[in-house]
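Values quoted throughout were computed directly from the atomic coordinates according to the rules given, and no laboratory measurement underlies them. Since the structure is predicted, the reported quantities are computational estimates derived from the model, not experimental observations. Don't worry about glycine lacking a Cβ; one is built from the backbone with ideal geometry, like all the others, and counts go over all protein chains shown.
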Amino acid sequence: MINFLPSVVSRSQSSKLMSLFVPIIAVILTLMTGSIIFSLMGFNPIFALHTFFISPISSAYGISELLVKATPLALIAIGLAFCFKNNLYNIGAEGQLTMGAIFGGGVGIFFHDTNGFWLLPLMIIAGAIGGALWGLIPALLKTKFNTNEILTSLMLVYVALLILDYLVVGPWKDPQGYSFPKTRSFSDSGRMPLLFSGLRIHFGLFITLFLIFFSWFIFTKTIFGFQLKVSGFSPSAARYAGFNQNRLVYLAFAICGSFAGIAGLAEVSGPIGLLYRDISPNYGFTAIIVAFLGRLHPIGIIFASLVIALTYLGAEDAQLFMQIPAAVGFVFQGLVLFYLLGADFLVNYKLEFRKNK
Amino acid sequence: MNLESLIGVIQIVLIATTPLVFASIGELVTEKSGVLNLGVEGMMLVGAVTAFVTLVITGSYFLAFIFSILSGIFMSGLFAFLVLILMSNQVATGLALTIFGIGLSSMIGKEYIGTPIDGLTPWYFVIFSFIIIFLISYFFYKTKHGLILRAVGESHTSAHALGYNVIKIRLYSILFGGSMCALAGSYMSICYAPMWQEGMTAGRGWIALALVVFSTWKPSRILLGAYIFGGVTILQMNLQAFGLRLPAQFFNMAPYIATMLVLVIISSNKLRIKLSAPASLTIPFHKGN
Amino acid sequence: MIKIFKYLFVISTFSIFAFSNAIADPKKVGFIYIGPPGDHGWTYMHDVGRIHAERMLGDSISTTYIEGVPENADAVRAIRKLAASGHDLIFTTSFNYMDQTLEVAKEFPNVKFEHATGYKRADNVSTYSARFYEGRTIIGHIAGKMSKTNTVGYIASFPIPEVIRGINAFYLAASKVNPDIKIKIIWVFTWYDPGKEADAANTLINQGADIIVQHTDTFAPCQAAEKAGVMAFGQASNQEEFCPNAHLTAIEDIWGPYYAERAKAVVEGTWTSQDTWDGMAEGMVVMSPYNSKLMPADLIQEAINMEIAIKDGTLHPFAGPIYNQAGELVVPEGQNADDGMLAGMSFYVQGIDGEIPQ
């Protein structure tokens, strides 16, 4: 190898300093690249970057929208952390979200003309059960038949979406809805309470924060969390230690599924209020990026979900104020992610200049 | 159903399945070396638009495919830089690559939507898709380089200890994967449905990813999986057109459920799975390890 | 660092003000699109309409659009952004923006909203749609006359009233001139997947269809028909350049005059909430030029006569008697199906094989 190149050395522990520093490096690089791209496109780069990153959150409404978008991402991502920590590649959170919306929303539709304090909790529980059941299918197939969860969880996304499709076109169709593919609206007590009048941020935010705290507690303070970590690092060590691997698989998938299910229910009972075909803008897939960007850590996931949500909002503002096509927004979003992911390198590894052996 | 229409059905299945074969064999080689690239859909789209735009500008099918493959190498090269050199997380980087590819392809193709072109006959590519499966099988199981590639995917530390350049081998595998995905995309925009439309691959990249797992990382099984998937899709269309009274959503579920069922049957043999799944998949390698 | 950010902030707020002052005068008209304007289908035609309105009204309006807005909670934010950034009139161009449009409209009573293909209105929310089924009647008639195999292939997207109405109108007209005509339907459950649309077209052709009708967005089916040497009808826009030897005609969505009229009403302050369901008579549904290479002159003349008859009301696509698949009379002789029945149509008429996916 060429000697004058620095060699890469793994840090024995991720650098705390770098953890803080890396996002700043990524942001600076993003701003620089963004300036170049937008200058080339003939825009004032400062105006463009302001449109992307500041104007979406320069009002109370904007911040509320940021939270509306980030809440499901964070909730699903923390659920995914249970799977990913254990090296279970569940990429089917979108399906678990959809099933949660179907179960919880189904309760809401059944009680569409009933009001009562018990309705929303019932819907949330139903949503969690729906998501958990859907998550348990790949877990069951994995433990019983050794099937790979990447494939089964992905396939189940499509199946769940088609089931939702079947329900809103068929049996659950709004009888007063001129046969359009949507259900009745939930009754008022089947909706997530709004936190501020005029803003869309709803009670789901607190559920999410609570579940993130709950997950942090599990990860750091319980034997289950320890087992997850060990079996993720070294499956053989976990076997020697006598952990019940199958139980871990079931639990991880059930927790992940129920979180995604609650996120789905929160989405339909929060900002939407009924069921139709297209309830989620790929939250289940985007949350995978959020989970890894947040390095499966609760605090990291909160920040990552805010950053990702901001890039979506920014792309909308860029269309509106700069007539930039949605595609450019995606390219820019991709670049931001590349920088963040690439800069992670500095957290986990350090460069060392050393003499030849 | 008479013989003629049966042949017709088989032709439709062949045409519809070929992009899945290209994309999944590319991804299979990448994964065999121990790298998971979830950016298949993004690379397919960039490949599709590059081929289309090149064809419109130069009028040459040959250049269209060459540039398309180069675009695949560019996209996968970007991915390779991030995951091999900067050791970023493969799952997240692949997803980011898809987002990037969706945006980049729409940006490049903006002016070319709805430009009419003469489509190329798909049959050369259909035949080539079978040949490439054969070649990759041969490469993996009959050549030394194939063995090395598999070894790198199995245990990069051992491969490194034996003196093989893990990073270089993975880089080549990723670039091959990218060029195959781009080829799949160019087949779509030039042969299958000769046009450029934003997001025209419509999720086939994800199906290709699933097919790699379905194949249990065996090239020949890619054909089996892809043709089950493509076949069930076309079969349900045929049944619908015959006026069979079954709910169409369940028809549409059939390919996914069939894929899962076959997978369950295949993977019940635990030993076989263990032997074929690359053990180092998604685990980054660096020499300091 | 903080200083730099302050500096950035000052500069950029300044530029936003400069930006908004420059265009404060004309009325701002915003559009929410479901797809990219270049899809050559649904969104493309709305964008053609937007450009038409801009051209007609010159400096008195300026237009903006947000493309690729998903039909879920995100739509509220996109619509609200248009409303909050000083737009006076906002068109939301897909059905599932309905509740979202009303939600934003409630918050912005001074902004006018127009929702395409929906049925919920408010004081500041109008609805508008086009009677595309009138065009389906004409292509049904042509198909009935032109098919040699007496088999028509129909590629349908989703089982919503709009699509079912189209199938029924098509079949009623086709079977009237050719009682032996058979219609084979494939539901592809997507508006937009060129590959799948081509597969469906090829499957139908393989099963003996010599005319392909589509209710999906891309020109892939027409291309497939061209390649197989059969005929096809275009969707939403004139698709002749993609399949010159297959394309009989197309049903075009012409939104421009309506958009211009509604924008003008806002400029002049005469806008009121209304429900518009226009067809050929008003020019919202237009047939592309009939292909004289494929169609005999007398058939072209018949089609043109039908257009005239639909415009003056002497021909109604859903004139009784109409029976459903169970053989029950749904529209008695001498009557026409009313708009309520048409708007919520969820049954096949007698003679169509198969079942609507439920």
If r is the Cβ-Cβ distance from A:K144 to C:N110 and R0 is 60 Å, what FRET efficiency results, to the nearest 0.05? 0.45
When only C-alpha pairs under 8 Å and at least 6 residues apart count, what is the relative contact order of the range B:3-276, in percent? 34 percent
Across the residues of B:197-205, average count of Cβ atoms on other protein chains within 10 Å? 6
Amide proton proximity set for C:H115, modelled H, under 5 Å, gap of 5+: C:T92, C:S126, C:T127, C:Y128
In this structure, the FRET efficiency calculated for B:L6 and A:K229 from their beta-carbon separation, with R0 = 51 Å, to the nearest 0.05, is 0.35
What is the order of A:F52, A:F111, fewest Cβ neighbours within 10 Å to most? A:F111, A:F52
Where the only charges are on Cβ atoms (+1 Lys, Arg; -1 Asp, Glu), what is the dipole of chain B about its Cα centre, to the nearest 20 debye? 1000 debye
According to a simple spin-label model (label point 7 Å from Cα along Cα-to-Cβ), what is the distance in nm between A:I63 and C:I308? 6.8 nm
Express the Stokes-Einstein translational diffusion coefficient of chain A in µm² s⁻¹, to the nearest whole number, given a Kirkwood radius over alpha-carbon pairs, 25 °C and a viscosity of 0.890 mPa s. 112 µm²/s
Between C:E328 and C:Q301, what's the calculated FRET efficiency when r is the beta-carbon distance and R0 is 51 Å? Round to 0.05. 0.90
Using alpha carbons only, how many angstrom separate the centre of the range A:268-322 from the centre of the range C:69-126? 22 Å
Structure shown: which of A:K69/C:K81; A:K69/C:K106; A:K142/A:K221; B:K218/C:K196; C:K148/C:K182; A:K173/C:K120 lie over 20 Å apart, alpha-carbon to alpha-carbon? A:K69/C:K106; A:K142/A:K221; B:K218/C:K196
Provide C:C243, B:C191, C:C222, A:C256 in ascending order of the number of other Cβ atoms located within 10 Å of each residue's Cβ, fewest first. B:C191, C:C243, C:C222, A:C256
With contacts defined as alpha carbon pairs under 8 Å and 6 or more residues apart, what's the relative contact order of the range A:66-299 in percent? 41 percent
Set of the range A:170-202 residues, backbone N closer than 16 Å to the point 7 Å along the Cα-Cβ line of A:N115: A:185-194
For the range A:212-357, size of Cβ-based charge dipole, Lys and Arg +1, Asp and Glu -1, in debye: 960 debye
Each label point is 7 Å from the Cα along the Cα-to-Cβ direction; what then is the distance between the points at B:I131 and A:M32, in nm? 4.6 nm
Cα centroid separation - the range A:206-225 against the range B:81-150, whole Å: 40 Å
So, in Å, what gap is there between the alpha-carbon centers of the range C:292-321 and the range B:170-225? 47 Å
Sorting check: for C:134-141, C:68-75, which peptide has the highest mean count of neighbouring beta carbons within 10 Å, and how do the rest follow? C:134-141, C:68-75
Just to be sure I follow: if Rg is taken over the C-alpha atoms of the protein assembly as shown and Rh is the Kirkwood radius over the same atoms, what is Rg/Rh? 0.96
Summed residue charge, Cβ within 13 Å of B:N37's Cβ, Lys/Arg positive, Asp/Glu negative: -1
Ignoring everything except DSSP H segments at least 4 long, calculate the 222 nm mean residue ellipticity for the protein assembly as shown; use -39,500 (n - 2.57) per segment, divide by total residues, nearest 500. -19500 deg cm²/dmol
Fewest Cβ neighbours within 10 Å first, please rank A:T222, B:T50, A:T147 accordingly. A:T222, A:T147, B:T50
Given unit charges at Cβ for Lys, Arg (+) and Asp, Glu (-), the dipole magnitude of chain C about its Cα centre in debye, nearest 20, is 780 debye
Shielding by partners for A:176-185, please: the mean number of other protein chain Cβ atoms within 10 Å of each residue's Cβ. 5
According to a simple spin-label model (label point 7 Å from Cα along Cα-to-Cβ), what is the distance in nm between C:A122 and C:S60? 2.7 nm
Projected-area average for the range B:3-276 over all orientations - Cα convex hull basis, square nanometres: 15.9 nm²
Dipole of the protein assembly as shown [Lys/Arg +1, Asp/Glu -1 at C-beta], most positive-end residue of A:G314, A:M99, A:G242: A:G242
